[in-house]
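The values are calculated or read from the model by the stated rules, or taken from the named source; none is laboratory data. Nothing here was measured: the structure is a model prediction, and the numbers come from that model. Cβ: placed from backbone, ideal geometry, glycine included. Neighbour counts: every protein chain shown. The area values use the complete protein model at the heavy-atom level, side chains included, leaving out ligands, DNA and RNA. Shrake-Rupley method; radii C 1.70, N 1.55, O 1.52, S 1.80 Å.
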Amino acid sequence: MSEYLPGLAGVPATQSNISDIDGEKGILSYRGYPIEQLAEQSTFEETTLLLLDGKLPSQTHLDEFAIKLRRNRRVQYHITDLMKTFPPSGHPMEMLQTAVASLGMFYPGGECLTGGECQDLDYIHNMTVKIIARMGTLVAMWEHIRQGYEPPEPRDGYSYAENFLYMFTREKPDPLLAHIMDVCLILHAEHTINASTFSVLVNASTLASPNSVIAAALAALSGPLHGGANQKVVEMLEDIGSPDKAEEYIDKRLANKEVIWGMGHREYKTKDPRAKILEKLVDKLMEARGGAVNPMFETAKMVEKICEDRLAQKGVYANVDFYSGILYTEMGIPADQFTAIFAIARSAGWLAHWREQLSDNRIFRPTQVYAGEPVRDYTPIELR
Ligand code: COA
């Protein structure tokens, strides 16, 4: 009998060339390139191509891809109309899952996904572009639709990050905030085989349409054990209120055996490399604003310092969610949209895994350890 490992912990579910984590050393790389170098020198558009194709693009290839993304930002008016029928109190992740799945109805053609040499590479490429391009549009549109307003149209002259911020706020994007959003998208674009990416593999392996595959991944990400901790971080920092109250608050939570949100990670036993990059962006923003930023920034710094003292010996350090939420808050983005922004970025990694799965596909069909009744005779209802 095979050994059953709950959550498949430590069981390789695939072989992949897309990203890698060294949790002891705190290294994350996409296609072999360290995340620090990508955050410093790349853009979300370029990183997306790197994840999809496995290599850094030429300038011409990148320009062509960026143009395709821009041309595919608009969504059909049917989708806008559909979104207007959703309850305004609906969660952005449920909106996104429904809208992404619905968009798939406009692009039949998935019958070409037969695996191996029979694939229609144009269909795969076009669907990849359409989904990534529209994720940002849908999330930004929802912010207006749920308040009863007409959503703004995308702007062709803007990069992915700039357009998202423009559509979200209706304002010309501040260059520093647009840069920070671009880096946040790069940092969240991929992270090996977690629950949502695993669901991509399972659904891709049945040759489901790409929109269905991404809708399934969105479902997995929407759960509080996966996406969503950055929303909790912001709520926690608001609860604390100011740096001088942090110590008492943290000690009380730890004494009550409650987790400190944004701390700890299954894979990293040192500080998450993405948290280090985000912390530097927090510093940059504070410096640019002459300190005139949300007091949450100072509180977060104090919380991290106290947690280092209390939790470092357990290998618990700040993770990617610790600083991202406060940066999004500074951009005027409400907390319930944070997971949806994570999803926009992660669509790049999900679709890279979709393509990798299709290129060497075998349907997932794991086995189980049966722990139920042995075979027995049916009891007629009058004898039960
Ligand atoms: N706050 C306080 N203590 C924490 C902690 C946190 N955020 N994360 C881990 N610990 C403690 C555990 O209680 C455990 O202590 P113990 O050995 O005394 O029992 C020890 O550190 C080891 O943690 P463990 O439960 O094995 O970690 P895990 O790998 O199972 O869990 C997380 C990882 C992410 C689920 C966990 O760190 C967590 O809940 N973090 C907060 C939520 C969060 O920020 N999630 C986003 C992840 S990107």
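Go through region 242-277 and give me each residue that's among the aromatic types (Phe, Trp, Tyr), farther than 10 Å from Val320 by Cβ and within 12 Å of the ligand (Cβ to nearest atom).
The one that is among the aromatic types (Phe, Trp, Tyr), farther than 10 Å from Val320 by Cβ and within 12 Å of the ligand (Cβ to nearest atom): Trp261.
Give region 312-325 a look and list any residue that's open to solvent by 20 Å² or more (accessible area, probe 1.4 Å) and within 6 Å of the ligand (Cβ to nearest atom), or say none.
Lys314, Val316
Output the number of residues of region 278-295 satisfying the condition of being farther than 22 Å from Ile186 by Cα and either of a type in the set (Val, Ile, Thr) or within 16 Å of the ligand (Cβ to nearest atom) (or both).
Number satisfying all stated conditions: 1.
Which one of these is assigned to a helix (DSSP H, G or I), in contact with a strand residue (DSSP E or B) (Cβ under 8 Å, 6 or more places away or on another chain), open to solvent by 30 Å² or more (accessible area, probe 1.4 Å) and not polar (S, T, N, Q): Glu308, Glu304, Glu279?
Only one candidate qualifies: Glu279.
Would you mind stating whether Ser212 is modelled with pLDDT of 95 or more and surrounded by fewer than 19 Cβ atoms within 10 Å (Cβ to Cβ)? I'd like the intermediate steps shown before the answer.
Values: modelled with pLDDT of 95 or more: yes; surrounded by fewer than 19 Cβ atoms within 10 Å (Cβ to Cβ): yes.
The answer is yes for Ser212.
Output the residues belonging to region 1-57 that are of a type in the set (Val, Ile, Thr), part of a strand (DSSP E or B) and open to solvent by less than 60 Å² (accessible area, probe 1.4 Å).
The one that is of a type in the set (Val, Ile, Thr), part of a strand (DSSP E or B) and open to solvent by less than 60 Å² (accessible area, probe 1.4 Å): Ile21.
Do any residues in region 247-267 that are closer than 20 Å to Glu279 by Cβ have Cβ atoms under 8 Å from those of residues that are part of a loop (DSSP other than H, G, I, E, B) and more than 11 Å from the ligand (Cβ to nearest atom), where the two are at least six apart or on different chains, and which pairs are they?
Glu267/Thr192
Of everything in region 198-241, what is touching a Phe, Trp or Tyr at 6+ places or on another chain (Cβ under 6 Å) and within 16 Å of the ligand (Cβ to nearest atom)? Give them in sequence order.
Gly227, Ala229, Asn230, Gln231, Lys232, Val233, Met236, Ile240, listed by residue number.
Does any residue of region 356-364 turn out to be under 27 Å from Arg31 (Cβ atoms), part of a helix (DSSP H, G or I) and either touching a Ser or Thr at 6+ places or on another chain (Cβ under 8 Å) or within 12 Å of the ligand (Cβ to nearest atom) (or both)?
So far as region 356-364 goes, yes, one or more of its residues are under 27 Å from Arg31 (Cβ atoms), part of a helix (DSSP H, G or I) and either touching a Ser or Thr at 6+ places or on another chain (Cβ under 8 Å) or within 12 Å of the ligand (Cβ to nearest atom) (or both).
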